[in-house]
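Just below is one structure, and these are the notes that go with it.
The values are calculated or read from the model by the stated rules, or taken from the named source; none is laboratory data. Here the structure is a predicted model, which is why all the values come from computation and not from measurement. When we count neighbours, we look across all protein chains shown, and the Cβ atoms used for this are built from the backbone with ideal geometry, even at glycine. Heavy atoms of the whole protein, side chains included, go into the accessibility calculation; ligands, DNA and RNA do not. Shrake-Rupley method; radii C 1.70, N 1.55, O 1.52, S 1.80 Å.
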Amino acid sequence: MTRLSKLSRSIAGKVALVTGAASGMGRATAHLFADEGAHVAVTDLDQSKVEAVVKEISDAGGSACGWVLDVSNDAQRASVVAAIVARWNALDILINNAGIVVEGEVNSADFAAGWTRTFDVLLTAQVMLVRDCLPHLEASGAGRIVNIASTEGLGATKGISPYTAAKTGVIGLTRSLAVEFGTRGITVNCICPGPINTGMTTNIPDDAKAEFARRRVALKRYAEPEEVAHGTLNFVLPAAQYITGTHLAVDGGLTIKNA
Ligand code: NAD
């Protein structure tokens, strides 16, 4: 009997651009995609950190190449996208992952600068990189965009309003682009990670992490970056062709736990 299931769960041979890939979830995603046979463009701010991740992936038998890319830099975005396409003749998958958190309440002295920088990196850069990649994602025939948002886009923590507002914007941007690209063969989805052990959370003391997880997270622990990367992988599979405009909370039950 012939198989009923026809859609592919393989990204082997696809070309994926991951931003903020030198650390945390970006690094884990770059590794996982390479393990699955994709060609991975590892991009981040610091050349030596980018090279280190490219070496890790190459040493593990994967295909990766690195570029310095500040996602808020217009010229760098355009030239890196061109270089990736020159290297592999395609660009099928964009993971908008790079991120920062700037702390400060609304009446703090340097609030305005933090607001502007946060929106530049977390939201404006995501849509601008989509613009840069668009012709290539469309040419792919199965283009995939995953924007990394946050559970902070579904709720709010005191003192980081720029981050919360920008991540809420990422969810709205994802929906809007999904509608806009509906007939162009490109899906757009986002991931809302909960508390994850990465560079961003490394300064939080272990006892504070444990207490937060005990009170707020159904699974009562922080996650490791790889656990988020698998959620991202699901969105970029060829078989995920009818999933668009949605968000997936990878949060150990943070957003559904009432008490
Ligand atoms: P991380 O600090 O380990 O990694 C973030 C990476 O982004 C770093 O390598 C950093 O150099 C890079 N980056 C920062 N500004 C950049 C810029 N302008 N251009 C290019 N790269 C830049 O943190 P992470 O937790 O892995 O962060 C990945 C994403 O996940 C971010 O968008 C973050 O907001 C989001 N997130 C994190 C958590 C968490 O608990 N760690 C929760 C929800 C969402």
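Quick look at the numbers
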quantity	calculated
Failed item, numbered, when Thr201 is tested on (1) in contact with a Pro (Cβ under 7 Å, 6 or more places away or on another chain); (2) open to solvent by 30 Å² or more (accessible area, probe 1.4 Å)	(2)
Residue match in the stretch 115-136 (condition: assigned to a strand (DSSP E or B) and at pLDDT 95 or above)	no
Residue list for the stretch 122-147, filter: among the aliphatic types (A, V, I, L, M), open to solvent by 10 Å² or more (accessible area, probe 1.4 Å) and within 12 Å of the ligand (Cβ to nearest atom)	Leu123, Met128
Count of the stretch 15-60 residues which are more than 16 Å from the ligand (Cβ to nearest atom), under 24 Å from Gly99 (Cα atoms) and part of a loop (DSSP other than H, G, I, E, B)	1
Test result for Thr232, in a loop (DSSP other than H, G, I, E, B), modelled with pLDDT of 95 or more and either over 15 Å from the mean Cα position of the chain (by Cα) or under 22 Å from Asn97 (Cβ atoms) (or both)	no
Subset of the stretch 235-259 that is over 9 Å from Arg144 (Cα atoms) and among the β-branched types (Val, Ile, Thr) - its residue that is least open to solvent (accessible area, probe 1.4 Å)	Val250
Residue within the stretch 147-156 that is at pLDDT 95 or above and in a strand (DSSP E or B) present	yes
Residue count for the stretch 190-207, restricted to those that are more than 6 Å from the ligand (Cβ to nearest atom), polar (S, T, N, Q) and under 20 Å from Gly153 (Cα atoms)	1
Qualifying residue in the stretch 240-256 (condition: farther than 26 Å from Arg9 by Cβ and touching a strand residue (DSSP E or B) at 6+ places or on another chain (Cβ under 6 Å))	yes
Selection count, the stretch 43-99, where residues are farther than 18 Å from Ala28 by Cβ and in contact with a Cys (Cβ under 7 Å, 6 or more places away or on another chain)	3
Count of residues meeting criterion [in a loop (DSSP other than H, G, I, E, B) and either modelled with pLDDT of 95 or more or open to solvent by less than 60 Å² (accessible area, probe 1.4 Å) (or both)] in the stretch 157-183	6
Ala30 vs. criteria touching a Gly at 6+ places or on another chain (Cβ under 6 Å) and either touching a residue at least 24 places away in the same chain (Cβ under 8 Å) or open to solvent by 40 Å² or more (accessible area, probe 1.4 Å) (or both)	no
Filter result for Thr187 (without any contact (Cβ under 8 Å) to a residue 40 or more places away in the chain and either open to solvent by 10 Å² or more (accessible area, probe 1.4 Å) or away from the ligand (no atom under 16 Å from the Cβ) (or both))	no
Subset of the stretch 61-111 [more than 16 Å from the ligand (Cβ to nearest atom) and surrounded by 23 or more Cβ atoms within 10 Å (Cβ to Cβ)]	Leu91, Asp92, Ile93
